[in-house]
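The values are calculated or read from the model by the stated rules, or taken from the named source; none is laboratory data. Since the model is a prediction, treat every value here as computed from it, not as a measurement. Cβ: placed from backbone, ideal geometry, glycine included. Neighbour counts: every protein chain shown. In case anyone asks, the SASA skips ligands and DNA or RNA and just uses the protein heavy atoms, side chains included. Shrake-Rupley method; radii C 1.70, N 1.55, O 1.52, S 1.80 Å.
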Amino acid sequence: MATGTRAASARMISSSTLDTARFATDPAAPASRRWRGFAAVSPTREDEPASDRILRRLGLTFGLAGVIAAVVQIPEIADQSRFAPVGWTLAAMLLVFGPFAVLAAVSPRMSRRVIQTVAGVAAVGYPTAMVVLIIAYQQPETDATSLWLYRIFALGVLAAALAWRPAIAIGYLLVGGMLAACANMYILPHGTAFTLFVDFARAAGLCALFLWCAIFARAAAARVDRESTLAGSRAAAVAGAAARDRERARFAALIHDAVLSTLLDASRGGTESPVLRKQAERTLAQLDELRGTEAEPDRLGAQAAVGFLRAAVHEVNPGIEFGVRRWPGVDDLRLPVDAAGAMAAALAEAVRNSLRHAATPGREVHRSVTVTLSAGGIRVVFRDDGAGFDPGQVPADRLGISVSILGRMRRLAGGAAFVESQPGEGTTVTLVWGSDG
């Protein structure tokens, strides 16, 4: 019987995935439905931490900036190379711009370590190229007001912000700015101590703004990751405490209603009573059942799971309709508290998103939550008939859907999530969890 119910639950849990895949491949389905299905099952990196996502975007942006700077600087480089051997100039260009082209190529797909390694090479390449040019120039530059490398010092600072900790990046800013100012003073004529100070202040002051923006963006993403982990841990702790309280209440009720009442009736009667004997047998059976049941303080039964999810929804908005469907064998469900916490947090985020963005002028938006339970899993569907949206047009820096809903569920063992929406047709968010056996 348990095997049959678990098999049925597995079919139920996988139905949303199969439906999504069917919409993605069925030529008769509307184009918008096929696109939504494809977007739901296509491989993405939406489940990775926010810190890694921002690192990828910054790496791609800085890499492309280096490539664009190489193209823009070509006329000035060609003009200034008259005073240095061509080979040394080409070596300096390769040291400065080459790593940025590689950074732009590896940022979308490679690992965090690879991105930071390439960024570190780019950061080291800049001062190395500066030293190369200082050695290569055989006579002072006469026409230029500043060395071409001095103008792109910000690229080296941005690469340092990606590769290293903030303290090291700030040290790079100070040392690199002084090196760039010294190179200007050495290569350009009529350099003085005052111009050295001005060149350093100009380079360090401008690049400090870029460095602050990069450090702040990475710090904000790391804070999002910490808060997300903390919220999941708190939800799991609340669920575990609620489960333990229910078990204590159940045991206390059994002691009061069965054990104490049986002992009290036995102390009052002086003769054997058939009613008392049946009551005692029933009490012993209940105690034996309680003793034989494995204590699972870290798992929730079907009723506890429903109560936990309902509380999460009604804490955001108590007016949302909440329905429950049960399959055979639902009493065998054992939902881990971490899974319950993740589903509750994702569901609450879906409700908040709907309340913020789904409002439609002139009519009331209907919102509902349907929880389907079986022996081996649980499926939660949130629907609204509001404004809807195009998932393909959601900005990449909007973390509500990608991190708080899809990412949270995909990081959960046995979990999955799907978001379907279309402008004017409302939104459906499906959360799924299934046990392995």
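Some observations on this one:
- Among the conditions (1) outside any helix (DSSP H, G or I); (2) at pLDDT below 90, Pro108 misses just one, which is (2).
- Search result, residues across the range 86-117 that are closer than 23 Å to Tyr137 by Cβ and among the hydrophobic types (A, V, I, L, M, F, W, C): Val86, Trp88, Leu90, Ala91, Ala92, Met93, Leu94, Leu95, Val96, Phe97
- Selection of first residues in the range 209-229 that are touching a residue at least 24 places away in the same chain (Cβ under 8 Å) and among the polar types (S, T, N, Q) and of second residues that are surrounded by 14 or more Cβ atoms within 10 Å (Cβ to Cβ) and in a helix (DSSP H, G or I), restricted to Cβ pairs under 8 Å at least 6 apart or on distinct chains, gives the following pairs, ordered by first then second residue: Ser228/Ala50; Ser228/Val403; Ser228/Ser404; Ser228/Arg408.
- Checked against the criterion of being surrounded by fewer than 22 Cβ atoms within 10 Å (Cβ to Cβ) and touching a Lys or Arg at 6+ places or on another chain (Cβ under 9 Å), the candidates Ala387, Ala375, Ala345, Ala413 yield just one match: Ala345.
- Answer residue from the range 69-95, given it is in contact (Cβ under 8 Å) with a residue 12 or more places away in the chain and among the polar types (S, T, N, Q) and is most open to solvent (accessible area, probe 1.4 Å) among those: Gln73
- Answer residue from the range 96-121, given it is open to solvent by 40 Å² or more (accessible area, probe 1.4 Å) and hydrophobic (A, V, I, L, M, F, W, C) and is farthest from Gly176 (Cα to Cα) among those: Met110
- The set of residues from the range 160-192 being open to solvent by less than 70 Å² (accessible area, probe 1.4 Å) and not in a helix (DSSP H, G or I) comprises Leu188, Pro189, Gly191, Thr192.
- Taking the criterion of being touching a Gly at 6+ places or on another chain (Cβ under 9 Å) and modelled with pLDDT of 85 or more, the residues of the range 364-375 that qualify are Val365, His366, Arg367, Ser368, Val369, Thr370, Val371, Ser374.
- Test: Ala204 is surrounded by 13 or more Cβ atoms within 10 Å (Cβ to Cβ) and either modelled with pLDDT under 80 or within 16 Å of Gly63 (Cβ to Cβ) (or both): no
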